[in-house]
1. Quick one: angle between helix 60-87 and the longest Cα principal axis of the chain, in degrees between 0 and 90, rounded to 10, please.
2. Report the convex hull volume per residue for segment 15-73, counting only C-alpha atoms, in Å³.
3. For segment 1-157, take every pair of Cα atoms, bin their distances at 10 Å starting from 0, and report each bin as a whole percent.
4. For the chain, can you list the cysteines whose C-beta has no other cysteine C-beta under 4.7 Å from it?
5. Spelling out what I want: for every residue of segment 39-52, take phi, set θ = phi - 60°, compute 6.51 cos²θ - 1.76 cosθ + 1.60 (Karplus), and round to whole Hz; glycine and proline get x.
6. Ordered by residue, what ³J(HN,Hα) values in Hz, to whole numbers, does segment 138-145 give under the Karplus form 6.51 cos²θ - 1.76 cosθ + 1.60, where θ = phi - 60° and Gly and Pro are x?
7. Which cross-chain or sequence-distant (5 or more) residues have an amide H under 5 Å from the amide H of M137, H modelled 1.01 Å from N in plane?
8. Limiting things to C-alpha atoms, what are the Rg and the maximum Cα-Cα separation (Dmax) for segment 64-112, in angstroms?
Amino acid sequence: QNDVLDGLRVHKGRPGLDDVLPAAAEQGSRYRDLARPLLEQAASAGAAASGGAGTSVDLDPLLAELADAVTGPLRSRLADTFAAGAREDDDTAALTERVGAAYREWKMQRIERLAADHLFAAHALGGFAAVAPGTAMRWVVHDVDGPCPDCDDNALAGATARGEAFPTGQTHPPAHAGCHCLLVPSPG
């Protein structure tokens, strides 16, 4: 956000989105780099909770998903902001306020949920990776947004060998956005 706002202040003439925002790939890379240590910490905690401290977890797909989930919609929202500013013939101060409002909307309404979902996913991946294939696991439901029939179906399945699909097709949580379920070893 600060880079974009600085770009607005120093740009000559009417800036467009591409004048002040890095390319989508570079923007996504920044988000991946920023999130990596936090997701690694969550995956390590998940692995340790499953008895596999030090287990290696490939977080690159999850990091790419997170970067895409932020970059695409945020760029779209900012493009709309710049278009509205052009229609209204905003000066730099008005456009700066519009851009700031777009980022505030993201921070207050979207980023916290995305971050939490991806932290829970990293924790679940760590726990899953730490357990030997074939170990009997059970799905433990944690409803955040109210009852989830899919997660309930997975829990009702009982013990399922690690790596085999639960009734809804997932081999491990999360089953959906907002899913904070866990897999735990099933007692004998």
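1. 30
2. Working: hull volume 4.2 nm³, N = 59.
Hull volume over Cα atoms, normalised by residue count, gives 72 Å³.
3. 10, 29, 27, 17, 12, 5, 0
4. Result for the chain is C179, C181, no neighbouring Cys Cβ within the cutoff.
5. Karplus values, whole Hz, x for Gly and Pro: 5, 4, 5, 5, 5, 4, 5, x, 5, 5, 5, 9, x, x.
6. 10, 8, 10, 7, 9, 7, 8, 9
7. T160, A161, R162, S186
8. Gyration radius and largest Cα-Cα distance of segment 64-112: 11.8, 36 Å.
No value in this document is a laboratory result; all are computed from the given coordinates. The structure displayed is predicted, hence computed values, not measured ones. All Cβ positions, even for glycine, are placed from backbone atoms using ideal geometry, and neighbour counts span all protein chains on display.
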